[in-house]
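> This is the structure I have questions about; it appears just below.
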Amino acid sequence: MSVDTPLLRRAVPALRVELADAATRGRTVTLAEASAFLGLPHPRREAPLDGGPSAPEVLEALQRMCAERGEPDLASLVLPHDDVDSADSTDGAGGADELEGSAGSCDEERRRCWRHWGGPAAEATGLARTSAPR
């Protein structure tokens, strides 16, 4: 669990807005994209900021926020790899699949996000993107 810091308190709501927007369009984002949006180092290529939260710490805090609000887990829209057209990797890079513990639970949570924020059209878009052949 991360320490509550001013940066974390700003990052979580900002990422929530960004991911809710992605959910309305049936989209996912990569951990690298989420990190860049937050101004954090690339999770695989750069050293963490001294005293600042990591992207996985922000995602954990976002999961708690969503749970407290009774909302689907927006962190499930963050993929731990660089392929935004595939939602089934569990490569252990610190994305939502790793936080949740299984890709299957994240797949269902992504569907819940798309339905909650974007309705059936967003869900259909998301499912079409994640089930496309590679």
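Each reported figure results from applying straightforward, stated rules to the coordinates on display, with no laboratory input. This is a predicted model, so every value here is computed, not measured. No Cβ is skipped: glycine too gets one built from the backbone with ideal geometry, and neighbour counts run over all protein chains shown.
> How high is the FRET efficiency from A124 to L7, r the C-beta distance, R0 35 Å, rounded to 0.05?
0.45
> Amide H neighbours of T30 under 5 Å, counting only residues 5+ apart in sequence or on other chains, H built in-plane at 1.01 Å?
It is L79, by chain and number.
> Sort the following peptides by mean Cβ neighbour count (other Cβ atoms within 10 Å, averaged over residues), highest first: 26-32, 12-18, 69-75, 113-119.
26-32, 113-119, 69-75, 12-18
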